1. Tell me whether segment 172-180 contains one or more residues that are more than 24 Å from the chain's Cα centre (by Cα), in a strand (DSSP E or B), aliphatic (A, V, I, L, M) and surrounded by fewer than 13 Cβ atoms within 10 Å (Cβ to Cβ).
2. Among the residues of segment 114-133, count how many are out of contact with any helix residue (DSSP H, G or I) (no Cβ under 8 Å at 6 or more places or on another chain) and not in a strand (DSSP E or B).
3. Kindly establish whether ASN135 is over 22 Å from GLN69 (Cβ atoms) and at pLDDT 95 or above.
4. When only residues in segment 78-117 that are of a type in the set (Asp, Glu) and under 16 Å from the mean Cα position of the chain (by Cα) count, which is surrounded by the most Cβ atoms within 10 Å (Cβ to Cβ)?
5. Looking at segment 147-157, is at least one residue within 30 Å of VAL62 (Cβ to Cβ), of a type in the set (Ser, Thr, Tyr) and at pLDDT 95 or above?
6. State whether one or more residues within segment 151-160 are part of a strand (DSSP E or B) and of a type in the set (Asp, Glu).
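The values are calculated or read from the model by the stated rules, or taken from the named source; none is laboratory data. Everything numeric in this text was worked out from a predicted model, so none of it was measured. Ideal geometry is used to build each Cβ from the backbone, glycine not excepted, and the neighbour counts take in all protein chains shown.
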Amino acid sequence: MARILSALLMGTLVFALAAGCSTVSGWFGGGDSTPLPAGSQGENLLSGASIEECRQDLEKLVAAHVNEQLRQGNSSQPALIHKRPYYYREYVEYPDPDNPRIIIRENDTKTRPLSAEVTLDKIRFSTQMHRSANNAREDSRFFRDTGVEKLNYELRNGRWRRVGSIYVAEKTEEFVNGSWVPREEEVSRVNPNEQPGWFRRTWTKIFGGDTE
């Protein structure tokens, strides 16, 4: 009987020690050794090399954006733009398209780990706005806006998404007697016979011009 009790006690002690080792192993990280999947957020997304790769991808997107803008029109064949209720003609130029100014920021979120602001020097040529498409096509008086285009991007699911853009004109000129000169204050970018409306007020705030 004593031998049986000793065996039972020994078995219970061995089981307790085994369970205790398992628990201690879990405390010190030995319970789960599954590695993070390659390319996961926890691996190295915000390392220097990874950010550089993201920058290269963003540069490709910016180059595609510039090419798309340039394809829409040029000095010999400006694009006809319709933004209700107005029509106007427009084409753009980028003085230094291969050197965008890019600022990348790290965010404390896994869904949008990186955000970026891209700044490009941009020159925009456009006519005043018209209610009629035919009047806009016949308008050959272009104004030149020199300024910067700002594009905002966020990295989502490993891909850059553009979330905003704005063009800010720093100066506006008109072509007079063979040269570009500062725009006369009385020149309106919208036909003066038309009511200003919300679009015109917003337009003039961004691109310059008179709202009164």
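1. Yes - at least one qualifying residue is present in segment 172-180.
2. Residues meeting the conditions: 4.
3. Judged against the criteria, ASN135 is a match.
4. Across segment 78-117, the extreme among qualifying residues is GLU117.
5. Looking for residues that are within 30 Å of VAL62 (Cβ to Cβ), of a type in the set (Ser, Thr, Tyr) and at pLDDT 95 or above, one finds at least one in segment 147-157, hence yes.
6. Taking every residue of segment 151-160 in turn, at least one turns out to be part of a strand (DSSP E or B) and of a type in the set (Asp, Glu).
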